[in-house]
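The values are calculated or read from the model by the stated rules, or taken from the named source; none is laboratory data. Everything quoted here is computed from the prediction, not taken from an experiment. Counting neighbours? That spans all protein chains shown, and the Cβs are built from the backbone with ideal geometry, glycine included. Each accessible area value is taken on the protein alone, full model and side chains, heavy atoms only, with ligands, DNA and RNA left out. Shrake-Rupley method; radii C 1.70, N 1.55, O 1.52, S 1.80 Å.
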Number of protein chains: 4
Amino acid sequence: MHFENDYLQGAHPAVLQALMASNEENLPGYGADAYGAKLQDRLREILACSQAQVRLVAGGTQANALVIDMLLDDTEGVLAPDTGHVAVHEAGAIEHSRHKVITIPAQAGKLDASLARTYLENFYADETHPHMVFPGMIYISQPTEYGGLYSKAELEALAKLCQDYQIPLFVDGARLIYGLASPQNDVSLADLAQLADVFYIGGTKVGLLLGEALVFTKNNLPKRFDTLIKQRGALLAKGRVLSVQFEALFKDRLYLDIAQDNARHSQRLTQILHQTGFEFYLDSPTNQQFICLSKDQYDQLKEQVGMSYFGLDDKGQVVARLATAWFTTDADLDQLENLLRSL
Amino acid sequence: MHFENDYLQGAHPAVLQALMASNEENLPGYGADAYGAKLQDRLREILACSQAQVRLVAGGTQANALVIDMLLDDTEGVLAPDTGHVAVHEAGAIEHSRHKVITIPAQAGKLDASLARTYLENFYADETHPHMVFPGMIYISQPTEYGGLYSKAELEALAKLCQDYQIPLFVDGARLIYGLASPQNDVSLADLAQLADVFYIGGTKVGLLLGEALVFTKNNLPKRFDTLIKQRGALLAKGRVLSVQFEALFKDRLYLDIAQDNARHSQRLTQILHQTGFEFYLDSPTNQQFICLSKDQYDQLKEQVGMSYFGLDDKGQVVARLATAWFTTDADLDQLENLLRSL
Amino acid sequence: MHFENDYLQGAHPAVLQALMASNEENLPGYGADAYGAKLQDRLREILACSQAQVRLVAGGTQANALVIDMLLDDTEGVLAPDTGHVAVHEAGAIEHSRHKVITIPAQAGKLDASLARTYLENFYADETHPHMVFPGMIYISQPTEYGGLYSKAELEALAKLCQDYQIPLFVDGARLIYGLASPQNDVSLADLAQLADVFYIGGTKVGLLLGEALVFTKNNLPKRFDTLIKQRGALLAKGRVLSVQFEALFKDRLYLDIAQDNARHSQRLTQILHQTGFEFYLDSPTNQQFICLSKDQYDQLKEQVGMSYFGLDDKGQVVARLATAWFTTDADLDQLENLLRSL
Amino acid sequence: MHFENDYLQGAHPAVLQALMASNEENLPGYGADAYGAKLQDRLREILACSQAQVRLVAGGTQANALVIDMLLDDTEGVLAPDTGHVAVHEAGAIEHSRHKVITIPAQAGKLDASLARTYLENFYADETHPHMVFPGMIYISQPTEYGGLYSKAELEALAKLCQDYQIPLFVDGARLIYGLASPQNDVSLADLAQLADVFYIGGTKVGLLLGEALVFTKNNLPKRFDTLIKQRGALLAKGRVLSVQFEALFKDRLYLDIAQDNARHSQRLTQILHQTGFEFYLDSPTNQQFICLSKDQYDQLKEQVGMSYFGLDDKGQVVARLATAWFTTDADLDQLENLLRSL
């Protein structure tokens, strides 16, 4: 039984099919192919943002490091919740680009706008701030690393804060599609395009072999973007590998189908875990669920159910993550339910 | 007619087939899957190098920048021919990793070992060298950016030089497979594994969607390699995308078939260009040919034949590149021949 | 009245005198002069460490950034108390060298060895740690940024922890001399040389125009040190400017006289502030005292007494720093006492 | 006999006197003292440039690396003559800041504007230039590393080129004062302020203990300059050390006296070397002279006369540098003349 993560299998069949169908077309390299252009047009429509500039890169850490470095100047760091992916699980990619990740204690994985505002106020009130790292942007994830969702009101508060301090808001959407159909979600892709200065729509975790679609919403694509990503080893010769897949994801309503199927599966996973008596680390309305287990329980259960280690809780219990994904089936969940009821 | 480069089409059908066949397997992420292990075993066999350590990354500039930065210390730069890819066409990726590319005038794209030796001798004889960048490794490409091949004797001379100065020899093999079956080639993959400290076998240009296979031959895989590439945004969540493709390329003799087919096609291309009277910029025994055209000729011919701009020659003529690849067919060459004969 | 910091005046007269006396000597540049050699001999004697390697740089932020970058590999960050200078007041110098500052909540400015041990234990227990920044060294300041002193036992606990994890202990001694004669101090320079892998003795704040003396105690001077600091713009052509001053500081017992005079003055400052009823932010046994004032009090008092802003306390009061230094006189303190008693 | 370089002795007596006279003044740190303000006013007057912004740093390599990094964006490198200090003798400081030094073959140490123009024209004509490092500024030295001087017409041609391509012109003036009184010089400080976007006036080599005065002439001081140099370890706590010295150098006409004395001494040195039959590597009108010696001659002469090694000439002879400086006396030159005549 495999619930350890949402990148266990290859690509959604329709996505793979698109790669095959286009395989023998002669296409220009380095991101200049027509699939990329079609994708941008389609996303402008979906996002209701006619000026959106879309660029594709291979992975999430790459996307985060590129955007953060491009949007900050040398004196600036990025404000992030202390559970943010950039703060914890990117092996120092942001620092490697010479910027500090300035952490604010997260509230169940989320960055609270009023805490961030206090940080900014105190920073500029401090007479010594010219000897400190300037907070130059805000980074959040939607859904968060713990499956949480910002409400539209919460995002508006963050966007307002950014506007007040004239710094950009950047949203890591590695699992954005999985949040869309959550019953708790009130943020549309169009809302995000309006509120964020830059965000990305993750492909790797929702059915692509690889790929993340960066969206610059405010006519703010960095100058010489292709040169910049070539320099950092992020420009694929066969850019088609990314554009063909994303174009297939958004062409009709595949992305919505994936979102809705997953919403159903993740709710069932949550229900199963509740009904079989597991302690939840926190409530998550999206495709990742976090339960607390003793080390022994964790080791035993792991022999039968694929799960991921996610640190320790306050009581020293292991926090284990179970995830559903586009490849999760009802049969998988039946099997899990049977096992857990039998323990 | 498309001869502009060797990454115009997607993947070789057998490679694409391997991706499809494995698509629904649940595989661990971040390069820990069984396909990667099988590939390493197979390459150790082909390379006759039982200690070879194989790691996969997405592209050539990424591979070059990662290896060079990992093998140099902060005081060191990389010695390269002045036509080397790292010196010209990587948008400063090496400098972005904080290392100087120390260029030696190339001889038809190749680095001459005796010129490099003179550089090293003069460097250490210069009393001021502690205020200069130390030459810390040698970088070459096989085949070179201009299609040339180092002979085994030439590689041995470079390897000897590296040994004398205790610096590594790194070989960029983005088109390595295309050199293997060239009538001029006397360097086997096993020779390369013996002479180079690190090299890579390009996949992107010989029939993979993307991917380059790094080979560390001397038990010299950098410590915490996965952390290092995660940090630089080069660790794919679905490492399978690379391992499955490479495993297919080397499983049986697909790589050799591709090499031999291409050798035949590239020789025919050379012949066609010779017979139709084009001036060659230099002689190339591999899949890229370079011809000199007036700007007008270039613009006209380009309307019918895909070619790439490769700078100007001494007389101010455009150097144009035509390339064959795994997807080139006899029919493509027939069509080109007909056109050129009719001009 | 000037108590705002300990770098308000130029150099101690004896130090300035040494610069003048040596001014017309023709000396080799870039740190190769005889004064540097004499200084190293003398410090080996004082430190009871015959293998100590001494190198001089211009300032504290420069010293910290150089040492931390030289001692870490690319996967590593530096563990520091969250009030540490490198974490707060160096404008991101450590991140600019591409390393994360991993902060541990400070205990009155100090890093508690058991908290640091817990961090290290949890780090290696976390299955995802290869995707995190490795803790590669420990940084502390003696005295701390809040004037505190580590006891010998506390330093031994940190040194033991470093040994257990095979990481170096680095001590920022920008104000080290001011701690030596504090009644609370039980750590000699020789103790420090034994316990720390690298430390530095600040000159700028104890009577030099500029300069910090780095001491590598374990035969661990980084390879090509001069090239490394030349590259970072830290190698002065006239290295004599640093060596002559430091040699004067340590030649006889000037450094001890400065330490003892200051101990007397700083105790008197503490006494005056206590007796005139100020609230202390924390207890400091060295040359800096921290008092809590309402914003109005701070603004008023600052018109007559030079002080520095040091953030806000929990109640929102301004924390103000008053410092004594080698140039503080009894008359200065009399004047301050008179003023404060008259308020 | 000491002619090996121009930083053999401490400071000019008048400069040292200024340090002593101001020693007990309580001055704000980090460059905010009144001496710096006075210096800026005075330089604006001398430079006939009322908007000049003056900032002080410790050394030449530091100055070069800071300015070049601040003025370039990530896609850009700096165009320099291949003998330029930044290209050869700064241990890779520019690459360490992640920028390529793009070298143009120097003409007797100078960058020829028409060669640079050809480089820029070819760069933008090359269809692959987005995969190359963009030439983002021009760096030259006045006088050059080989003592040469750009004429006003040559500087105007470079300034025109920079204007045409909208890139800044940066002039390294480590020995600028020594060029001012050369009979061949037709460039005033005011000319330089008009033609260069940024330049610096070296202090270290003309009579200061340390220090270089950066001049931003076009209202182009980088944003948050102090934070940027703090981050790179280049902000001295006691900024007075630099400002007091420079203020003394420019207050009256000390800088002109030094320039004129040196012009006289350097002409005499040239004359002595000519008359005693030495072969010159090239003609230099400023304080450095370069002669060619066999290795044996070099080793022998060096036992009696301080000289510096400056590489090899085309015939394999050692190029030796002899320099005069503010501390050179007629007696020194008499002694040298007597020795050379007696050989």
(request) Answer yes if at least one residue in the range B:1-14 is open to solvent by 10 Å² or more (accessible area, probe 1.4 Å), more than 21 Å from residue B:175 (Cα to Cα) and outside the structural domain of residue B:223 (by TED's automatic domain parsing), and no otherwise. (result) yes
(message) Checking the conditions here, which among C:202, C:173, C:148, C:179 is without any contact (Cβ under 8 Å) to a residue 40 or more places away in the chain, under 24 Å from residue C:325 (Cβ atoms) and buried (at least 22 other Cβ atoms within 10 Å of the Cβ)?
(response) C:173
(request) Those residues that are within 30 Å of residue C:93 (Cα to Cα) and of a type in the set (Val, Ile, Thr), I need them from the range C:9-62; list them, please. (result) C:15, C:54, C:57, C:61
(message) Could you list, ordered by first residue, the pairs with Cβ atoms under 7 Å in which the first is in the range D:312-333 and among the polar types (S, T, N, Q) and the second is surrounded by fewer than 17 Cβ atoms within 10 Å (Cβ to Cβ), at least 6 apart or interchain?
(response) D:317/D:294
(message) Taking the criterion of being surrounded by fewer than 20 Cβ atoms within 10 Å (Cβ to Cβ), small (Gly, Ala, Ser) and either touching a strand residue (DSSP E or B) at 6+ places or on another chain (Cβ under 7 Å) or assigned by TED's automatic domain parsing to the domain that holds residue D:188 (or both), would at least one residue in the range D:296-306 satisfy it?
(response) yes
(message) Every residue in the range B:271-296 that is among the hydroxyl-bearing types (Ser, Thr, Tyr) and either touching a Ser or Thr at 6+ places or on another chain (Cβ under 7 Å) or closer than 23 Å to residue B:202 by Cα (or both), please.
(response) B:284, B:286
(message) Checking residue B:51 against (1) in contact with a Ser or Thr (Cβ under 8 Å, 6 or more places away or on another chain); (2) open to solvent by less than 40 Å² (accessible area, probe 1.4 Å); (3) farther than 23 Å from residue A:19 by Cα; (4) not in a helix (DSSP H, G or I), only one condition comes out false. Which one?
(response) (2)
(request) Sort out which residues of the range D:262-274 are surrounded by fewer than 19 Cβ atoms within 10 Å (Cβ to Cβ), in contact (Cβ under 8 Å) with a residue 40 or more places away in the chain and among the polar types (S, T, N, Q), and write them in order of number. (result) D:267
(request) Would you confirm whether any residue within the range B:215-225 is under 24 Å from residue B:136 (Cα atoms), assigned to a strand (DSSP E or B), more than 10 Å from every other protein chain (Cβ to nearest Cβ) and modelled with pLDDT of 95 or more? (result) yes
(request) For the range C:237-261, name all the residues that are of a type in the set (A, V, I, L, M) and either modelled with pLDDT under 95 or surrounded by fewer than 24 Cβ atoms within 10 Å (Cβ to Cβ) (or both). (result) C:237, C:254, C:256, C:258, C:259
(request) Filter the range C:274-291 down to the residues that are in contact with a helix residue (DSSP H, G or I) (Cβ under 9 Å, 6 or more places away or on another chain) and not in a loop (DSSP other than H, G, I, E, B), then identify the one that is farthest from the other protein chains (Cβ to nearest Cβ). (result) C:275
(request) Exactly one condition in (1) under 14 Å from the mean Cα position of the chain (by Cα); (2) in a loop (DSSP other than H, G, I, E, B) is not met by residue D:237; state its number. (result) (1)
(request) Among what's in the range B:1-18 and is part of a loop (DSSP other than H, G, I, E, B) and of a type in the set (S, T, N, Q), pick the residue that is farthest from the chain's Cα centre (by Cα). (result) B:9
(request) State yes or no: is residue C:82 touching a Ser or Thr at 6+ places or on another chain (Cβ under 6 Å) and within 12 Å of chain D (Cβ to nearest Cβ)? (result) no
(request) For residue D:221, state whether it is among the aliphatic types (A, V, I, L, M) and either open to solvent by 10 Å² or more (accessible area, probe 1.4 Å) or free of Cβ contacts under 8 Å to residues at least 12 places away in the same chain (or both). (result) yes
(message) Tell me yes or no: at least one residue of the range B:113-136 is buried (at least 20 other Cβ atoms within 10 Å of the Cβ), within 21 Å of the chain's Cα centre (by Cα) and within 14 Å of chain D (Cβ to nearest Cβ).
(response) yes
(message) Give me the residue from the range C:292-311 that is in contact (Cβ under 8 Å) with a residue 24 or more places away in the chain and among the polar types (S, T, N, Q) and, out of that set, nearest to the other protein chains (Cβ to nearest Cβ).
(response) C:308
(request) Return a yes/no flag: does the range B:54-77 have any residue that is open to solvent by 10 Å² or more (accessible area, probe 1.4 Å), assigned to a loop (DSSP other than H, G, I, E, B), farther than 25 Å from residue B:205 by Cα and within 7 Å of another protein chain (Cβ to nearest Cβ). (result) yes
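Run down D:155, D:161, D:192 and say which single residue is open to solvent by less than 20 Å² (accessible area, probe 1.4 Å), closer than 15 Å to residue D:215 by Cα and either touching a residue at least 24 places away in the same chain (Cβ under 8 Å) or not β-branched (Val, Ile, Thr) (or both).
Exactly one residue qualifies, and that residue is D:192.
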(request) Return the residue satisfying two criteria in turn: it lies in the range D:33-48 and is part of a loop (DSSP other than H, G, I, E, B) and either more than 14 Å from chain C (Cβ to nearest Cβ) or at pLDDT below 95 (or both), and of such residues it is farthest from residue D:226 (Cα to Cα). (result) D:48
(request) Within the range A:307-323, work out how many residues are open to solvent by 10 Å² or more (accessible area, probe 1.4 Å), in a strand (DSSP E or B) and on the phi < 0 side of the Ramachandran plot. (result) 5
(request) Answer yes if at least one residue in the range D:224-236 is of a type in the set (S, T, N, Q), at negative phi and open to solvent by less than 10 Å² (accessible area, probe 1.4 Å), and no otherwise. (result) yes
(message) Can you pull out every residue in the range D:231-261 that is of a type outside the set (Gly, Ala, Ser), without any contact (Cβ under 8 Å) to a residue 24 or more places away in the chain and within 14 Å of another protein chain (Cβ to nearest Cβ)?
(response) D:231
(request) Considering only the range C:15-32, state which residues are surrounded by fewer than 18 Cβ atoms within 10 Å (Cβ to Cβ) and either of a type in the set (A, V, I, L, M, F, W, C) or modelled with pLDDT under 95 (or both). (result) C:20, C:21, C:32
(message) Can you confirm whether residue A:109 is more than 14 Å from chain C (Cβ to nearest Cβ) and either within 29 Å of residue A:288 (Cα to Cα) or in contact with a Phe, Trp or Tyr (Cβ under 6 Å, 6 or more places away or on another chain) (or both)?
(response) yes
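Right, residue B:20: more than 9 Å from chain A (Cβ to nearest Cβ), out of contact with any His (no Cβ under 8 Å at 6 or more places or on another chain) and of a type outside the set (Phe, Trp, Tyr) or not?
Judged against the criteria, residue B:20 is not a match.
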